[in-house]
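A.B. asks: What follows is a structure written as C-alpha cells; I'll ask about it next.
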Amino acid sequence: MHILITGGAGFIGSHVVRHFITAYPQYTVTNLDDLTYAGNLENLRDVEGSSNYRFVKGDITERDAMLSLFETERFDRVIHLAAESHVDRSIASPTEFVMTNVIGTVNLLNAARSLWKESFSGKLFYHVSTDEVYGALGSEGAFTEETPYDPHSPYSASKASSDHFVRAYHDTYGLPVVISNCSNNYGSYQFPEKLIPLFINNIRHNKPLPVYGKGENVRDWLWVVDHARAIDVICHNGKPGETYNIGGQNEWRNIELIRLLCGIMDRKLGRAEGESEKLITYVTDRAGHDFRYAIDSSKLQEELGWSPSLQFEEGLEKTVDWYLDNQDWLDHVTSGEYQRYYEKMYG
Ligand code: NAD
Ligand code: DAU
C-alpha cells in the first residue's frame, strides 16, 4: 500500500505521518508538503530515516505537478491534511485560503480520479476537515454529522467548500472518499500562532497573553495523537461516502483553559502561584468569533470503536513539558517571519 499524506510537515500531519510509518512498516508513506511558514521538517526528525518514508516538496495548488506526481507514484490512498489552517490569517488574507484549501483540494481530487480511472477498488481519498464548517453553537448541544454547514470565517468557508467538492466527486464520479471533521487539537509541534503554544511561548518570555473579547468562547480540545489514531481507524474501517466527527468531549471556556495553563507554567518554571496570570490582557475580539464548538463523536465511537485516550489535564501537562523540553524548536520557528506576523497581529 502506498499512502500519500499531504501537509505531513505541519502540526497534525507530522503526527499522522509518524503514526502511519511506525504502525504500518509494510506501507510506503509519501509526505507531500510545500513547507510554508507552518511546515517544518524538524517535526519529523525522529522518523525521517525510516525506510518506508519519503518526502516530496510540492504545492497542491499546482495542477500539472499534482497530476504527474500521482501518475509517477501511483498512490493507493490519500490522506489530505495540507491547508492554510489559522483563522486569524484567513481574516487578513482570505484568497490564499481559497487557493490552497479549495483549489488545492480540487487538484488532488482530479489527480486521484485520473490515476484511479480503471478501478476504484481498494482506493480511498480521505479529506481531513474541521468542526468549524458547522458554524457556532449557543450554550447547548453538539455538532453531529447531520448539522447543516454554516461557516463564518474565510478559513471555515474554504474548508466547507473543499468538503463539498469532496462529496461532489463521490456523488458525481463515484470516487471513494471519507471526510472527518475534528475539534481543536493540542500537543507537540503546533505552530505558536494557535492559542496553547502561543501562550506557552509568551509566558516563557513574560509577554502579554492576548485574550480575545472576554475569554468566554468555548472550544472542545483533543490531543493530537488521539486525532492521528482516529484518522488511522477511519482510513482502514470508514465507509466510503461517510463523514465522521472527531472530538475530545472536553469543552473549555478559553479563560478557564488559560488559567489552568498559567498554573501549570508557574509550577514548571518555579514561579510564584498567580505570576503568569498577571500577563492576561483582554484585547479586541476576533471578527466573527464563533462562540462555542462541541462535537458529538458517537458515530465514530459506536461504529468504529475509537475513543480519546487522554484526560485534558494530563495532556496539557505533557504538552507544556514538551515545549519546555524543546525550547530550541520554539526559538527556531519563532525567528524571522514570525516576528513580523506577531507585530502585525498583536503589535
Ligand atoms: P498546519 O498549518 O500546522 O499545517 C499545514 C501544513 O500544510 C503545513 O505543513 C504546510 O506547509 C502545508 N501546506 C500549506 N499549503 C500547502 C500547499 N499549497 N501545498 C502543500 N502543502 C501545503 O495545520 P494543522 O493544524 O496541522 O491542520 C492540518 C489539517 O487539519 C488542516 O486541513 C486543518 O484544516 C485540519 N484541522 C486542524 C485542526 C486543528 O486544531 N489544528 C482541527 C481540525 C482540523
Ligand atoms: O475547531 C477546529 C479548529 O481549531 C481548526 O480547524 C483550526 O485549524 C484551528 O486553528 C483551531 O481554530 P481556533 O480558531 O479555534 O483556534 P485558535 O487556537 O486560533 O483559537 C482558540 C480560541 O482562543 C479561539 O476562541 C480564539 C482564542 N484566542 C486565540 C488566539 C490565537 C485568543 O483568545 N487569543 C489568541 O491570541
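A.B. asks: Roughly how many percent of the accessible protein surface of the chain is carbon and sulfur, given a 1.4 Å probe and a whole-percent answer?
C.D. replies: For the chain, the apolar C and S fraction of the accessible surface comes to 48 percent.
A.B. asks: Could you work out Rg/(2.2 N^0.38 Å) for region 220-347, with Rg from alpha carbons only?
C.D. replies: Dividing the Cα Rg of region 220-347 by 2.2 N^0.38 Å gives 1.30.
A.B. asks: For n ≥ 4 DSSP H runs only, could you compute -39500 (n - 2.57) per run for the chain, divide by its residues and tell me the 222 nm figure to the nearest 500?
C.D. replies: The helix contribution divided over the chain gives -12500 deg cm²/dmol.
A.B. asks: Tell me the per residue accessible area of region 1-74 using a 1.4 Å probe; a whole number in Å² is fine.
C.D. replies: Accessible area per residue: 43 Å².
A.B. asks: Obtain the radius of gyration and the Kirkwood radius of region 1-154 from its C-alpha atoms and give Rg over Rh.
C.D. replies: The Rg/Rh ratio comes out at 0.99.
A.B. asks: Count neighbours as other Cβ atoms within 10 Å of each site's Cβ, and list the trypsin sites (Lys or Arg not before Pro) in region 56-86 that are DSSP loop with at most 15 such neighbours.
C.D. replies: R74
A.B. asks: Springs between alpha-carbon pairs under 10 angstrom, Gaussian network model over the chain: which of S90, S156, S114 fluctuates most?
C.D. replies: S114
A.B. asks: Rule-of-thumb check for the chain: C-alpha Rg over 2.2 N^0.38 Å?
C.D. replies: With N residues counted in the chain, Rg over 2.2 N^0.38 Å equals 0.97.
A.B. asks: Filter the trypsin sites (Lys or Arg not before Pro) in region 222-327 to those in DSSP coil with at most 16 other Cβ atoms within 10 Å of their Cβ, and list the result.
C.D. replies: Qualifying residues, ordered by number: R271, R286.
A.B. asks: Pick out, in residue order, every one of the GluC sites (Glu not before Pro) in region 117-148 that is DSSP loop and has at most 10 other C-beta atoms within 10 Å; say none if there are none.
C.D. replies: Sites meeting the loop and neighbour criteria: E118, E140, E146.
A.B. asks: List the residues, sorted by chain then number, that are 5 or more residues from T130 or on another chain and whose placed amide H is less than 5 Å from its amide H.
C.D. replies: C182
A.B. asks: Roughly what % antiparallel, to the nearest 5, for the DSSP beta bridges in region 143-271?
C.D. replies: Antiparallel: roughly 30 percent of the beta bridges in region 143-271.
A.B. asks: Angle, helix 195-204 long axis vs. longest principal axis of the chain, Cα atoms, 0 to 90°, nearest 10?
C.D. replies: Helix 195-204 sits at roughly 40 degrees to that axis.
A.B. asks: Let me ask something else about it. For the chain, please report how many Lys pairs fall under 13 Å Cα to Cα, leaving out neighbours fewer than 8 apart on the same chain.
C.D. replies: Lysine pairs meeting both conditions in the chain amount to 4.
The values are calculated or read from the model by the stated rules, or taken from the named source; none is laboratory data. No experiment lies behind these values; they were computed from the predicted model shown. Every residue, glycine as well, gets a Cβ built from its backbone with ideal geometry; the counts of neighbours run over all protein chains shown. Ligands, DNA and RNA are stripped out before the accessible areas are found, and what is left, the full protein with its side chains, is counted by its heavy atoms. Shrake-Rupley method; radii C 1.70, N 1.55, O 1.52, S 1.80 Å.
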